[in-house]
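Notes for the one structure printed next.
Just so it is clear, none of the values below were taken in a lab; they were calculated from the coordinates. What you see is a predicted model; the values in this text were computed from it and never measured.
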Amino acid sequence: MNDREHELFEAELRRLQPAKPPEELMTRFAAVLPVRSQRTEARALPAQPPEIWWVWLRWLAPGLAAAVAVVVMLMPWTKQPSRLAAVNASPAPGTNNVEIDRQLVAAFDTVAQMPNGEPVRFRCREWVENVVLRDPAQGVVVEHRTPRFEMVPIGFEIY
């Protein structure tokens, strides 16, 4: 179907009027649907504008949360200034041997259901990342191992 035929088809669809449903179908719908009582409609309150303190609170709460987060992050450094000074006073090790390793521990696919019932496939991988710093001159070896879980959603392809 080319563009011209497509446009003609859409124009014809716009001109069509939908048919009225049969009375029998409408009576069946009316029997199934709950009837709204007049009392429930009368109880609905008109929308009122929010009070001024609520508007200010809505804007101040995120700022206050950010300030508390900054204070909490800086707290450990202010509690132990001697340890921080000792770390800053020592010269940085002259590492000449750095190893960075990443190992795949497990890989699998799994299927889950979204809240709307749609299935979704996940590709899962478990990794272990290892960083080793060596300074043979001072005999220092620093090793840091970190597990990592990677989960990537993959949609089902329907043909």
Full extension between Met114 and Val128 adds, at 0.36 nm per residue less the Cα distance, a length in nm of 2.1 nm
Anisotropy class of the range 92-154 from Cα gyration tensor, a/c 1.5 cut: prolate
What ³J(HN,Hα) values, in whole Hz, does the Karplus curve 6.51 cos²θ - 1.76 cosθ + 1.60 give for the range 2-16 when θ = phi - 60°, with x put for Gly and Pro? 7, 5, 5, 5, 4, 5, 5, 5, 5, 5, 5, 5, 5, 6, 5
